[in-house]
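First up is the structure itself, then whatever we jot down about it.
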Amino acid sequence: MRHVVSVLVQDKPGVLQRIAGLIARRGFNIESLAVGRTHQEGLSRISLVVTGDDRVLEQVEKQLNRLIEVIKVTDHSEPHVERELALVKVAVPGMEERLEIKDIAEAFRARIVDVARKSIIFELTGDSSKVHNFIEAMRPYGLLEVMRTGAVALSRGEQVLKVREKKPAV
Amino acid sequence: MNGAAAILKALEKQGVNIIFGHPGGTIMPTYDALYDSPIRHILVRHEQGGVHAATAYARASGKVGVVMATSGPGALNLVTGLQDALMDSTAVVAITGNVPQALIGTDAFQEADVCGITQPVTKHNFQIRDVRDIPRVIAEAFYIASTGRPGPVLVDVPKDVQLAPFSGSFDVEIDLPGYKPTFKGHPRQIERALEALAKAKKPVLMVGGGAQHASAEVIEFAEKSGIPVIPTLMGLGAFPGTHRQFLGMPGMHGSVAANWAIHNADTILAIGLRFDDRVTGKVSRFAPNAHTIIHVDIDPAEIGKLVSTAIPVVGDAKWVAAELAKGARKLSIAEWWQQVDEWRTKHPFGWNSKPYLQSQEVIHAFWEATGGKAIVTSGVGQHQMFTAQFFKFDKPRSWINSGGLGTMGVGLPFAIGAALARPGETVIDFDGDGSFQMTLQELATVKKYNLPVKIVILNNGFLGMVRQWQDLFHARRYSEVYLADSNPDFAKLAEAYGIKGLTLSDRGKLAETVKEVLEHEGPVLLDCRVHHEEGVFPMIPSGGAAEDMIIENPREAVEAGD
Ligand SMILES: Cc1ncc(C[n+]2csc(CCOP(=O)(O)OP(=O)(O)O)c2C)c(N)n1
């Protein structure tokens, strides 16, 4: 099973290394990892795409929670929005192909962000399978470079990841 | 005041009165400040000795152990000990110097990425980059190390931070929004646990190292319910070894009664343990008849990690055991006890008396002579297992060994830490000739502070535990395990350090020698020349299950002709 996991972390030096190290050490299978700042100072948010059964997922969540800088972990099993951004540089051998390529891109709602004599860069957002399908559709023309950000996700509705209220110290 | 003095002041605020350590270039400002500090420093001869001593200090006292080292080589010598403390959940704070911030990342002299390297071997680590953060970070380090599931925390302090002027306050607030250990177990889960136990026909209680501080509550619960009790290697002492409900430890070299009781149990209550593979053997064949496993642990990640748990209780062992004790009822398990007793009487830990000196009888003799009143440490190997089998630990925090990591060489530094934590008590290190030689430089520390530790080397001239595996599983091909040809004369070695040294090979002299060792006021090393081919049994081969248990030494059966 594929899961998207969001992790709210304190933006401290080494935190990304800690998370990456933990994943490698525990042998978890990670498809992608994306990280960025949030609207709150000192907090970053990480999206992980993990494959594994429920037991693996439970361990990923629990082990992440053990990290001191990890504030909250959630598995997006509930309705959520998931997006990935990709930049795809496609080879354009000739005029005929150029038209075909543009047609395909339109169907995927990919934007052209750079045009050269023998290549086009497309920008595409969507869930990971859409990105995957677009890349496969372009493969026959010749993929020159592909850069994907990895999936990011938010839960739908009011549900949010936030810092818990302070509990009494033990 | 500078940063270095602030570090020591902050440590003082945490109640630290002893630091184990070794100086060097980048930690020198703090050593300079130590000159004026009321904190006592114990100078070890190798940083590994320091971190192990701090670990034992923590385990024997229940306080946080502190170790200090310089950057690069000094800090890296801590790595083994940090992992050891991590695996056996021990509260240790390590303070390391580092090169000045301007030099970090330049491959400066004695620079190493200490925070990077120690990340997987600590519960958490910090690098202090601003002198103003010292009081808060030290407070957070102690808080993290000692709460929740205890563990080692490293604080790395670049030299310029130690030298920077400091004028802040030491009344600091901890700011750890991501760290909220659960303390109280869920009442409904505790109720469910009690209900499951009430229905059980064949229950057992397993107690781990996480219950060393919960001994009184565990005993109360056990006595009220009348349940058979199985402490793990790390749990020994949390429940008295001479108690009539004690079945011995489980696992690879555990007792027959403990392993068969777990194998046949229908309900297992496990408090403060993590189902290590040395306890479970092959997990899929562990406790096949247990329909209900109740797992009490402070670390939620341990629950369901290896063994599926019907009733998880996340909480502190002491708190949960007290609640369990409150609700406990006498269980009607007379038949089960009959069965368990049969195993216990038929297969006690024992040894076949031989004409030569045996490790088992040496340990037994010390147990008898001390009445069990001692803090005991060991290295790793056969002697460690023999100690766990034959020294009956009646008190918590009295057995300090390396369970999770199995670190050879911990025996002597552990004894040092224990002796400093609990002055006036007898401390015995049952060590192996191999293990002892991994940290023997700490004899100098024993001498320097005249610590009255009793070092008993069970000298079989081999890396005995490895030899045993080669004997059983590698057709007696004794590859690189022979030590006797090049071992030192350990008694003379001790004497060279100014420590009383004795050698024993005549078993007829055992009792008087034990007496001599215990009555000597200062430190003693006793080199016991034990037989070279003894085996530890029972044994469940690695990856096996209770059914695969080898109860008696097959070699001896053959040699006896049956
Ligand atoms: C640092 C380290 N290296 C290697 C081992 C593997 N090992 C486990 S037991 C053992 C033999 C220990 O020999 P000794 O200390 O003489 O004890 P004995 O088994 O003979 O009682 C070895 C080499 C270990 N546990 N730790």
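What follows is calculated from the coordinates using simple rules that are stated; it is not laboratory data. The structure displayed is predicted, hence computed values, not measured ones. So basically every Cβ, Gly included, is an ideal-geometry build from the backbone, and we count neighbours across all protein chains shown.
Annotation: for a label point projected 7 angstrom from Cα along Cα→Cβ of B:Asp32, residues of segment B:144-179 with backbone N closer than 14 Å are B:159-166. Using a simple spin-label model with pseudo-atoms 7 Å out from Cα toward Cβ, B:Asp485 and B:Asn450 lie 4.3 nm apart. Spin-label model, A:Leu161 to B:Glu533: label points 7 Å out along the Cα-to-beta-carbon direction sit 6.2 nm apart.
Diagonalising the gyration tensor over the Cα atoms of segment A:81-152 and scaling each eigenvalue by 5 before taking the square root yields semi-axes of 21, 11, 10 Å, largest first.
What you get for segment A:81-152, charging only the Cβ of Lys and Arg (+1) and of Asp and Glu (-1), is a dipole of about 180 debye around the Cα centre.
The H on the amide N of A:Glu31, modeled in the peptide plane, is under 5 Å from the matching H of A:Val49, A:Val50, A:Thr51, each at least 5 residues off or on a different chain. Each semi-axis of the equivalent ellipsoid for segment B:293-389 is √(5λ) with λ an eigenvalue of the Cα gyration tensor; in descending order they amount to 35, 21, 16 Å. Distance between the C-alpha centres of segment B:241-282 and segment B:330-361: 14 Å, rounded to the whole angstrom.
Taken over the Cα atoms of segment B:359-537, the convex hull encloses 110 Å³ per residue. Segment A:Leu16..A:Glu96, full-extension length gain: 24.2 nm, with 0.36 nm per residue of separation and the alpha-carbon distance subtracted. Dimensions of chain B from C-alpha coordinates, computed as largest minus smallest value along each principal axis and given longest first, are 74, 61, 41 Å. Here each label is just a point 7 Å from Cα along the line to Cβ, and for A:Asp103 and B:Trp351 those points are 8.7 nm apart. Among A:Pro79, A:Ile68, A:Ala151, whose Cα sits farthest toward the positive end of the charge dipole of segment A:54-170 (+1 at Cβ of Lys/Arg, -1 at Cβ of Asp/Glu, about the Cα centre)? Selected residue: A:Ile68. Computed with the Debye formula from one identical point scatterer per Cα of the protein assembly as shown, without solvent, the log10 of I(q)/I(0) at q = 0.07, 0.11 Å⁻¹ comes to -0.57, -1.20.
Listed values for segment A:58-74 are Karplus-derived 3J(HN,Hα) couplings in whole Hz (6.51 cos²θ - 1.76 cosθ + 1.60, θ = phi - 60°), namely 4, 5, 4, 4, 5, 5, 4, 5, 5, 5, 4, 7, 7, 8, 7, 10, 9, and x replaces Gly and Pro. The protection proxy used here, the mean number of other Cβ atoms lying within 10 Å of each residue, ranks peptides A:79-92, B:288-301, B:143-156, A:114-127 as follows, highest first: B:143-156, B:288-301, A:79-92, A:114-127. Looking at the square roots a ≥ b ≥ c of the eigenvalues of the Cα gyration tensor of segment B:187-346, which shape do they give, rounded for a/c under 1.5, prolate if a/b is larger than b/c, or oblate? Rounded shape, in that the Cα axes give a/c under 1.5. Length gained on full extension, B:Asn17 to B:Lys199, computed as 0.36 nm times the residue gap minus the Cα-Cα distance: 60.6 nm. For B:Arg132 and B:Ser308, a Förster radius of 51 Å and the Cβ-Cβ distance give a FRET efficiency of 0.60, rounded to the nearest 0.05. Considering only B:Pro488, B:Ala270, B:Tyr478, and ranking their Cα positions along the charge dipole of chain B that arises from unit charges at the beta-carbon of Lys, Arg, Asp and Glu, the one farthest toward the positive end is B:Ala270. Simple point charges give the picture: +1 on the Cβ of Lys and Arg, -1 on the Cβ of Asp and Glu, and for the protein assembly as shown a dipole about the Cα centre of about 1260 debye.
Take the Cα of B:Arg285, step 7 Å along the line toward its Cβ, and report every residue of segment B:254-279 whose backbone nitrogen sits under 16 Å from that point. The answer is B:254, B:259-264, B:277-279, whose backbone nitrogens lie closer than 16 Å to the label point. The reciprocal of the average 1/r between distinct C-alpha atoms defines the Kirkwood hydrodynamic radius, which for chain A equals 17.9 Å. Per residue, the Cα convex hull of segment B:8-111 amounts to 98 Å³. The rule of thumb for compact globular proteins, 2.2 N^0.38 Å, goes into the C-alpha radius of gyration of segment A:2-77 1.01 times.
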